[in-house]
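What follows is a set of notes on a single structure, which appears directly below.
The values are calculated or read from the model by the stated rules, or taken from the named source; none is laboratory data. Every value quoted in this text rests on a predicted model; they were computed, and no experiment measured them. Neighbour counts are summed over all protein chains in view; Cβ atoms, including those assigned to glycine, are modelled from backbone coordinates with ideal geometry. Note: areas computed on protein heavy atoms with side chains; ligands, DNA, RNA excluded. Shrake-Rupley method; radii C 1.70, N 1.55, O 1.52, S 1.80 Å.
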Amino acid sequence: MSLDQEIKGQLQQYLALLENNVVFTASFDASEHSKEVQAFLEEIVSMSDKLSLQTEKLHYTPSFQIDAENDSSGIVFAGVPLGHEFTSFVLALLQVGGRAPKIDEATAKRIKNIEQEFHFETFVSLTCHNCPDVVQALNIMSVLNPSISHTMIEGGMFKDIVEEKGVMAVPTVFLDGKEFASGRMSIEQILDKLPIEAEVEDDLSTREPYDVLVVGAGPAGVSAAIYAARKGIRTGIIAERFGGQVLETVGIENLIGTPYTEGEKLAQALEIHAKEYPIDIIKARKVASLSVEGDMHVVTLDNGATLKAKALIIATGARWRNVNVPGESEFKNKGVAYCPHCDGPLFVGKDVAVIGGGNSGIEAAIDLAGLTKHVTVIEFLPELKADEVLQKRLATLTNVTVIKNAQTMEILGDKKVTSLTYKDRATEEIHGVDLAGVFVQIGLVPNTEFLDERFAKTKMGEIEVDKRGQTSVPGIFAAGDCTDSAYKQIIISMGSGATAALGAFDYLIRH
């Protein structure tokens with residue numbers, strides 16, 4: 001194979017940063033897949049005299065391990081790490097080659113203190129934009145602790161193992177041979193989930209009260225925190241994951257001043273920008289409830305800790321809406337999926353359905369039509385809601401069937417999805433469709449369940465706010481996709497975050 005010249009140019013710059021010699025230990029056979037991996041490695045090795053290649057029988061073939069010259073890292077790539085995983089490969093190469101991983105000292109200490117041996121395997125697809133977070137986190141853990149090892153397995157190259165293990169969503173992580181987790185996770189979330197003796201946690205409850213505490217770290221939350229911090233007031237931000245739903249976005253072309261970026265890059269930029277200011281960042285924590293204690297708002301976290309603030313800004317965003325029918329939760333990640341880019345490659349040559357006829361649903365159907373045997377689109381309303389240009393593109397595809405005015409009734413299966421039933425809303429007749437996967441694409445639901453009856457909300461659960469971003473509760477503001485904003489866009493969320501922060505500052509001055 002031959003790498004794109006632009007990629008080779010960028011890689012050459014990274015290879016110049018290697019501090020130590022690195023050895024690729026590879027396992028090959030006579031298969032075409034092995035030839036792909038071998039050609040990839042040989043091209044990489046030819047680019048630096050600090051790299052070398054040797055062969056040895058490994059657990060997976062084809063695969064390769066990345067080691068320092070005299071030290072095993074435990075990092076293995078089974079397959080060719082291109083697509084979204086090329087960054088994971090480059091970072092692993094640099095870290096094994098002597099560059100320290102970019103994580104905070106407290107997290108690094110947690111990893112180094114782990115005494116048990118853990119072997120992780122992560123199944124990925126190269127089109128999955130969620131997978132690199134998990135792969136890179138587990139690679140860092142392997143670099144920092146010799147008791148931990150990690151293998152990335154490219155599902156398209158190891159379809160037999162994917163079928164054997166019943167992997168129907170990526171990323172899916174196995175720990176010591178047993179399924180550990182599925183979906184995007186931060187390194188902190190992985191550490192929290194590990195079966196190790198609980199560490200003495202930082203007692204968040206002892207922290208001084210904040211002037212402004214922001215709940216959520218998507219575009220709205222980070223914008224709010226930065227605007228508050230710039231006012232010189234004590235600011236904190238609670239981040240279950242930096243970036244929020246931006247992390248689920250592949251390409252972004254409507255952020256004014258930035259012709260194109262990707263969700264992952266924007267999320268990283270948000271965190272870097274936030275760290276330029278004295279913002280107290282609390283990661284991997286969710287808010288359980290809000291209450292009042294004197295003139296302070298009290299935030300209770302999922303671990304029982306409490307934080308206090310004079311003013312709050314809620315920027316918890318939204319998540320994919322569930323269709324809420326029998327079988328959906330039972331078969332989540334076993335045929336029920338929400339990301340066609342990530343999980344679509346696992347359904348190559350199979351029949352699937354897309355529930356939803358809006359822009360996201362029709363875009364998903366178009367993408368899946370190029371991978372799967374057949375796509376059935378099920379739309380509740382009598383007509384599709386997607387833009388005309390998308391509908392015209394869909395009409396040109398011969399392996400797509402559109403069923404309108406149909407209500408999804410049940411998703412059926414045994415260990416994985418096998419079929420779906422729907423009701424014709426005009427005739428009340430029930431019909432069935434045999435399939436292997438169901439992609440739910442019916443919009444978003446705001447993350448506002450933790451809010452009590454003090455908060456005025458729309459019938460959709462969105463927080464009602466005024467022109468300053470204030471909610472119906474004095475001193476509590478809200479911004480972004482969790483609010484009744486007419487349009488859900490990244491740039492609008494950023495603006496509403498700034499509005500809420502300025503509104504909160506004005507509130508503090510007056511009270």
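Restricting the search to the stretch 103-125, which residues are in a loop (DSSP other than H, G, I, E, B), without any contact (Cβ under 8 Å) to a residue 60 or more places away in the chain and closer than 24 Å to Ile153 by Cα? Within the stretch 103-125, just Glu117 meets the criteria.
Of note, Val135 does not satisfy the criterion of being part of a loop (DSSP other than H, G, I, E, B), open to solvent by less than 20 Å² (accessible area, probe 1.4 Å) and touching an Asp or Glu at 6+ places or on another chain (Cβ under 7 Å). I'd like to check something: does the stretch 210-218 contain any residue that is over 18 Å from Leu307 (Cα atoms) and either among the small types (Gly, Ala, Ser) or open to solvent by 30 Å² or more (accessible area, probe 1.4 Å) (or both)? Looking through the stretch 210-218, at least one residue is over 18 Å from Leu307 (Cα atoms) and either among the small types (Gly, Ala, Ser) or open to solvent by 30 Å² or more (accessible area, probe 1.4 Å) (or both). Looking across the stretch 449-481 at every residue that is within 26 Å of the chain's Cα centre (by Cα) and exposed (fewer than 14 other Cβ atoms within 10 Å of the Cβ), the one that is nearest to Gly257 (Cα to Cα) is identified as Met460. In the stretch 275-297, the residue that is most open to solvent (accessible area, probe 1.4 Å) out of those that are touching a residue at least 40 places away in the same chain (Cβ under 8 Å) and among the basic types (Lys, Arg) is Lys286. Looking only at the stretch 319-328, residues that are at pLDDT 95 or above and farther than 14 Å from Thr408 by Cβ come to 0 in all. The lone criterion from (1) in contact (Cβ under 8 Å) with a residue 24 or more places away in the chain; (2) over 14 Å from the mean Cα position of the chain (by Cα) left unmet by Asp160 is number (1).
Counting only residues that are outside any loop (DSSP other than H, G, I, E, B) and surrounded by 18 or more Cβ atoms within 10 Å (Cβ to Cβ), the stretch 309-336 holds 9 of them. Of all the residues in the stretch 138-168, those that are among the hydroxyl-bearing types (Ser, Thr, Tyr) and assigned to a loop (DSSP other than H, G, I, E, B) number 1. Do we find that Phe86 is farther than 18 Å from Asn20 by Cα and outside any helix (DSSP H, G or I) in this structure? So Phe86 does not fit the description; no. If you go through the stretch 215-242 and pick out every residue that is charged (D, E, K, R) and more than 15 Å from Ala267 (Cβ to Cβ), you end up with 3.
Remark: Thr458 matches the filter, which requires a residue to be closer than 30 Å to Ile411 by Cβ and of a type in the set (Val, Ile, Thr). Please work out which residue is least open to solvent (accessible area, probe 1.4 Å), limiting yourself to the stretch 298-308 and to residues that are assigned to a loop (DSSP other than H, G, I, E, B) and free of Cβ contacts under 8 Å to residues at least 60 places away in the same chain. Across the stretch 298-308, the extreme among qualifying residues is Gly304. No other residue among Ile233, Ile190, Ile238 is assigned to a strand (DSSP E or B), surrounded by 16 or more Cβ atoms within 10 Å (Cβ to Cβ) and either over 19 Å from the mean Cα position of the chain (by Cα) or at negative phi (or both) apart from Ile238. Lys415 meets the conditions (1) under 17 Å from Tyr338 (Cα atoms); (2) at pLDDT below 95 in every case but one. The failed one is (1). Tallying residues that are open to solvent by less than 30 Å² (accessible area, probe 1.4 Å), assigned to a helix (DSSP H, G or I) and not hydrophobic (A, V, I, L, M, F, W, C) within the stretch 260-274 yields 1. Could you check the stretch 162-180 and list, in sequence order, the residues that are open to solvent by less than 40 Å² (accessible area, probe 1.4 Å) and either over 22 Å from Glu117 (Cβ atoms) or touching a helix residue (DSSP H, G or I) at 6+ places or on another chain (Cβ under 6 Å) (or both)? Of everything in the stretch 162-180, those that are open to solvent by less than 40 Å² (accessible area, probe 1.4 Å) and either over 22 Å from Glu117 (Cβ atoms) or touching a helix residue (DSSP H, G or I) at 6+ places or on another chain (Cβ under 6 Å) (or both) turn out to be Val162, Gly166, Val167, Met168, Ala169, Val170, Pro171. Reported count of residues in the stretch 441-488, each being of a type in the set (Lys, Arg) and not in a loop (DSSP other than H, G, I, E, B), is 1.
Identify, please: which residue in the stretch 1-19 is touching a residue at least 24 places away in the same chain (Cβ under 8 Å) and part of a helix (DSSP H, G or I) and is, among those, most open to solvent (accessible area, probe 1.4 Å)? Selected residue: Tyr14.
Name the single residue, out of those in the stretch 489-507 being part of a helix (DSSP H, G or I) and more than 11 Å from Ala228 (Cα to Cα), that is nearest to the chain's Cα centre (by Cα). Restricting to residues being part of a helix (DSSP H, G or I) and more than 11 Å from Ala228 (Cα to Cα), the top hit is Ile490. For the stretch 337-405, the helices (runs of 4 or more DSSP H) that sit wholly inside it and include 1 or more residues that are open to solvent by 10 Å² or more (accessible area, probe 1.4 Å) and closer than 19 Å to Ser419 by Cα are 340-343, 359-369.
Checked against (1) surrounded by 15 or more Cβ atoms within 10 Å (Cβ to Cβ); (2) at pLDDT below 95, Val222 passes all but a single condition, namely (2). In the stretch 217-229, the condition of being touching a helix residue (DSSP H, G or I) at 6+ places or on another chain (Cβ under 9 Å) and assigned to a strand (DSSP E or B) is met by no residue.
Condition check ((1) under 30 Å from His341 (Cα atoms); (2) modelled with pLDDT of 95 or more; (3) surrounded by 19 or more Cβ atoms within 10 Å (Cβ to Cβ)) across all residues:
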position	(1), (2), (3)
Met409	yes, yes, no
Asp424	yes, yes, no
His431	yes, yes, no
Val438	yes, yes, yes
Thr483	yes, yes, yes
Ala486	yes, no, no
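Whenever a residue of the stretch 420-437 is within 25 Å of Ser329 (Cβ to Cβ) and part of a loop (DSSP other than H, G, I, E, B), its partners that are open to solvent by 80 Å² or more (accessible area, probe 1.4 Å) and not aromatic (Phe, Trp, Tyr), lying with C-beta atoms within less than 8 angstrom and at least six residues away or across chains, give the pairs Ala436/Lys416.
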